[in-house]
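Coordinate-derived values only; no laboratory data. Being a predicted model, the structure only gives us computed values, none of them experimental. Note that we place each Cβ from the backbone using ideal geometry, even for glycine, and neighbour counts take in every protein chain shown.
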Protein chains: 2
Amino acid sequence: MLLYGYFRSSAAYRVRIALNLKGLAYDQTFVHLAKLEQLAESFAAINPQKLLPVLKTDSGQLLTQSLAIIEYLEETHPQPALLPRDPLERARVRALALAVACEIHPINNPRVLRYLTGKLGVSEAQRDDWYRHWVEEGLQAVEQMLVASPQTGRFCHGDTPTLADLCLVPQVANGRRFKADLSGCPTVVRIDAECQKVKAFADAAPANQPDAE
Amino acid sequence: MLLYGYFRSSAAYRVRIALNLKGLAYDQTFVHLAKLEQLAESFAAINPQKLLPVLKTDSGQLLTQSLAIIEYLEETHPQPALLPRDPLERARVRALALAVACEIHPINNPRVLRYLTGKLGVSEAQRDDWYRHWVEEGLQAVEQMLVASPQTGRFCHGDTPTLADLCLVPQVANGRRFKADLSGCPTVVRIDAECQKVKAFADAAPANQPDAE
């Protein structure tokens, strides 16, 4: 398999963790988001959404949207499982994942930040406040979801990593890069630290990618 | 089952379509988003994310995040199926759904719009331009995904409704409300019209909800 990614793309980071946890070999090709390589015609031909990641399967299929890719990997390579078996538990894990993937990450996507500073003439300081606002508010909601449930364990759901952790860890990394205040979400911080002890997560970290700057 | 919703909430709209398609009976209770009822302590106790929808199961479990709710309904009430059986096809349907649910909808969430006009002092005209920009850009990407694939049929994937249509139709409705230009996405417009012919979709429309204004 071939992953189109970028060391700082947190959606690509989720897929890297999934591939590593499942022990699946993959090559990487890099699309430099800060240089806007994702807007090039050549990349739009691969993904008209002009977004990372894209996973090219061994049969040449191009899969987009990190959560769809991870569900595909889960269905085709079920072990180790990234979702519990019980439907209610699966719903909880998916809700935690989407609380990051839908409610935090898209609002801080580079193209949204460019619209703020470009078309709306927002200052860089205001843009960074925006970034931190959505990370802090969003992760505090995740914190409350985690604290409220006896199913929270070493990780977001029980004692093995799930799709929820795959979304949480890259979001925490991005939040820290923008100096978000995570003091309101100690459980999130604890689970992030637990994940960092797992080689599959550590190997997927931005700093450990070949294109890291 | 009990659905916490609001007639104009497009995420609740997705779940209403799913419940209708699967022929599942449900009651509704309404949280008036424009009156900010979702920010009340009483609702935060139900969903700390302060977002709609919430589905209360017959056993009293509170499920959040529309896509997690729909996947739960799919797993517990498999017929009629809202996802194909083949993993690659499921990945395509989920990617189309997420191209709306992650890349368009969150950026135009009411809390984001309030931040723009409140904290950033953006004018109402600029806010509406923002809204239209993300709908038009996002639906044009969906259009290209649809046009590029022979799997597109009467609906987004084949000739029966899937999760992709459940996300697309509410987004088109929201886009039209803000007068987005949909001339760049004729396939999206065609599929939306096909969906409107299906009673489960029509019954779920905002105008047909008891709390419609």
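The lysine pair tally for chain B, using Cα distances under 28 Å and a gap of 8 or more places or different chains, is 14.
Think of each Lys and Arg Cβ as +1 and each Asp and Glu Cβ as -1; about the Cα centre, that makes the dipole of the stretch A:2-80 roughly 280 debye. Placing a label point 7 Å from Cα along the Cα-to-Cβ axis, residue A:35 is separated from the same position in the other copies by 5.5 nm, shortest listed first. The rotation axis that maps chain A onto chain B passes nearest to the beta carbon of this chain A residue, listed with its distance in whole angstrom: A:106, 2. Kirkwood's formula applied to the C-alpha pairs of the protein assembly as shown gives a hydrodynamic radius of 21.6 angstrom. If only the Cβ of Lys and Arg carry +1 and only the Cβ of Asp and Glu carry -1, the dipole of the stretch B:87-199 around its Cα centre is close to 380 debye.
Once every Cα of the stretch A:87-202 carries one equal point scatterer and solvent is ignored, give the base-10 log of I(q)/I(0) from the Debye formula at q = 0.16 Å⁻¹, two decimals. Values, matching the q order: -0.71.
Taking other residues whose beta carbon is less than 10 angstrom from the beta carbon of residue B:201, and scoring Lys, Arg as +1 and Asp, Glu as -1, yields -1.
Here chain A has an Rg and Dmax of 16.8, 49 Å, counting Cα atoms alone. Beta-bridge orientation, the protein assembly as shown: approximately 55 percent antiparallel, per DSSP, counting only bridges with both partners inside. For chain B, a simple Cβ point-charge model (Lys and Arg +1, Asp and Glu -1, everything else neutral) yields a dipole of about 180 debye relative to the Cα centre. Here residue B:125 yields copy-to-copy label distances, from shortest upward, of 2.9 nm, the label point defined as 7 Å from Cα along Cα to C-beta.
Near residue A:174: Cβ cut-off under 13 Å, other residues only, Lys/Arg at +1 and Asp/Glu at -1. The net charge is +3.
Peptides A:60-67, B:178-185 ordered by packing proxy, namely the average of other Cβ atoms within 10 Å per residue, highest first: A:60-67, B:178-185. Look at the stretch A:59-72: the mean tally of other chain Cβ atoms within 10 Å of its residues' Cβ atoms is 5. For the stretch B:1-123, the gyration tensor built on C-alpha atoms gives an oblate shape. Its axis ratio a/c (a ≥ b ≥ c) is at least 1.5, and a/b is not larger than b/c. The local environment of residue A:122, defined by Cβ-Cβ distances under 11 Å, has a net charge of +1 under the rule Lys, Arg +1 and Asp, Glu -1. Taking the helices alone, chain B has a mean residue ellipticity at 222 nm of -15500 deg cm²/dmol, built from -39,500 (n - 2.57) per DSSP H run of at least 4 residues and averaged over all its residues.
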